[in-house]
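Encoded as structure tokens, the structure appears first; notes follow it.
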């Protein structure tokens, strides 16, 4: 009886790993880096994050959004750091 439980657990673990790998592959397929002229199809912005920077300057940023089909997309781009707000 113990052997069949172990086999069942191993099969379940393998199936979950396959689902995780598939989700990771899909996520990376929907990731792009912005360049001038990139067509953007943004229905709803889910989050915007930026790399930490010690001072005012250009940093990498990442926007996660839903397109017009409801598919989650990720856009990497460069922007002026939020720490620059109010600096002259």
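The values are calculated or read from the model by the stated rules, or taken from the named source; none is laboratory data. No experiment lies behind these values; they were computed from the predicted model shown. Here the Cβ is made from the backbone with ideal geometry for all residues, glycine too, and neighbour counts use every protein chain on show.
All conditions in (1) at pLDDT 85 or above; (2) on the phi < 0 side of the Ramachandran plot hold for residue 83, with the sole exception of (1).
Would you tally the residues in segment 33-71 being surrounded by 14 or more Cβ atoms within 10 Å (Cβ to Cβ) and either in contact (Cβ under 8 Å) with a residue 40 or more places away in the chain or more than 16 Å from residue 84 (Cβ to Cβ) (or both)? Of the residues in segment 33-71, 7 are surrounded by 14 or more Cβ atoms within 10 Å (Cβ to Cβ) and either in contact (Cβ under 8 Å) with a residue 40 or more places away in the chain or more than 16 Å from residue 84 (Cβ to Cβ) (or both).
Among what's in segment 53-88 and is outside any strand (DSSP E or B) and touching a strand residue (DSSP E or B) at 6+ places or on another chain (Cβ under 8 Å), pick the residue that is nearest to residue 30 (Cα to Cα). Among residues in segment 53-88 that are outside any strand (DSSP E or B) and touching a strand residue (DSSP E or B) at 6+ places or on another chain (Cβ under 8 Å), the one nearest to residue 30 (Cα to Cα) is 67. Being surrounded by 11 or more Cβ atoms within 10 Å (Cβ to Cβ) and either at pLDDT below 90 or in contact with a strand residue (DSSP E or B) (Cβ under 9 Å, 6 or more places away or on another chain) (or both) holds for only one residue in 17, 30, 2, and it is 30.
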